[in-house]
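Peer 1: Sharing a structure, written as structure tokens. Questions coming.
The values are calculated or read from the model by the stated rules, or taken from the named source; none is laboratory data. Remember, it's a predicted structure, so these values are computed and weren't measured experimentally. Note: ideal-geometry Cβ built from the backbone for every residue, glycine included; neighbour counts use all protein chains shown. Note: accessible area is taken over every heavy atom of the protein model, side chains too, but ligands, DNA and RNA are not part of it. Shrake-Rupley method; radii C 1.70, N 1.55, O 1.52, S 1.80 Å.
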Amino acid sequence: MALGVVGMLLLIKAAVGAPASIQATTNAPTAAGVWQQVDDDGNVGALVTITEENGIYEGQLSRLYLGPNDDPNPVCNECPGDRHNQPLLGLVFIEEMKQSGLDYDGGTILDPETGNIYHASMHLSPDGTKLTVRGYLGLSVFGRSQTWTRVQ
């Protein structure tokens, strides 16, 4: 079967255009990646690695930025249960987050300084470079947020 020039161009256009539209859908940004956590005073406290498995997102402390007088191997003295006295480095402190577009809900976040576990939500910026993480008690209005920056 011979294709004319127009037929060949349409075939090439369809072949090139199809993967581009599929790629745009599958390459939408997610919260998975490495994030720089900045505290309320603007100091970098940690790098957080967020991973996804079977549609569930979790976050762990993957690097700590410690002060000169800080314990070089801090542990979670206040953490409840099996996380009590576990090293902060590698600690999973965001759990059970489920994605809905750019929003993530249904999970919890642990404050390693107090051992308190809060309801959590996250919102990813449309360009995928900022992640607003919110921990709260009961209603989202009773909480606080931090905005983290994706590490490239």
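Peer 1: Quickly run through the stretch 126-146 and pick out the residues that are open to solvent by 70 Å² or more (accessible area, probe 1.4 Å) and touching a Leu at 6+ places or on another chain (Cβ under 9 Å). Break it down stepwise before answering.
Peer 2: Of all residues in the stretch 126-146, those open to solvent by 70 Å² or more (accessible area, probe 1.4 Å) come to 126-127, 130, 137, 139, 141-142, 144.
Listed by number, the residues that qualify are P126, K130.
Peer 1: Inside the stretch 45-65, can you point out the residues that are assigned to a loop (DSSP other than H, G, I, E, B), open to solvent by 70 Å² or more (accessible area, probe 1.4 Å) and in contact with a strand residue (DSSP E or B) (Cβ under 9 Å, 6 or more places away or on another chain)?
Peer 2: The one that is assigned to a loop (DSSP other than H, G, I, E, B), open to solvent by 70 Å² or more (accessible area, probe 1.4 Å) and in contact with a strand residue (DSSP E or B) (Cβ under 9 Å, 6 or more places away or on another chain): Y65.
Peer 1: Starting from residues that are of a type in the set (A, V, I, L, M, F, W, C) and over 18 Å from C76 (Cβ atoms), keep the ones in the stretch 114-125 and report whichever is surrounded by the fewest Cβ atoms within 10 Å (Cβ to Cβ).
Peer 2: Checked the stretch 114-125; the qualifying residue surrounded by the fewest Cβ atoms within 10 Å (Cβ to Cβ) is L124.
Peer 1: Sticking with this structure for a sec: Can you tell me which of (1) open to solvent by 60 Å² or more (accessible area, probe 1.4 Å); (2) free of Cβ contacts under 8 Å to residues at least 40 places away in the same chain is the one D111 doesn't meet?
Peer 2: Among (1) open to solvent by 60 Å² or more (accessible area, probe 1.4 Å); (2) free of Cβ contacts under 8 Å to residues at least 40 places away in the same chain, D111 violates only (1).
Peer 1: Residues that are of a type in the set (S, T, N, Q): find the strands (runs of 3 or more DSSP E) completely inside the stretch 94-152 holding 2 or more of those.
Peer 2: Fully inside the stretch 94-152 and qualifying: 143-150.
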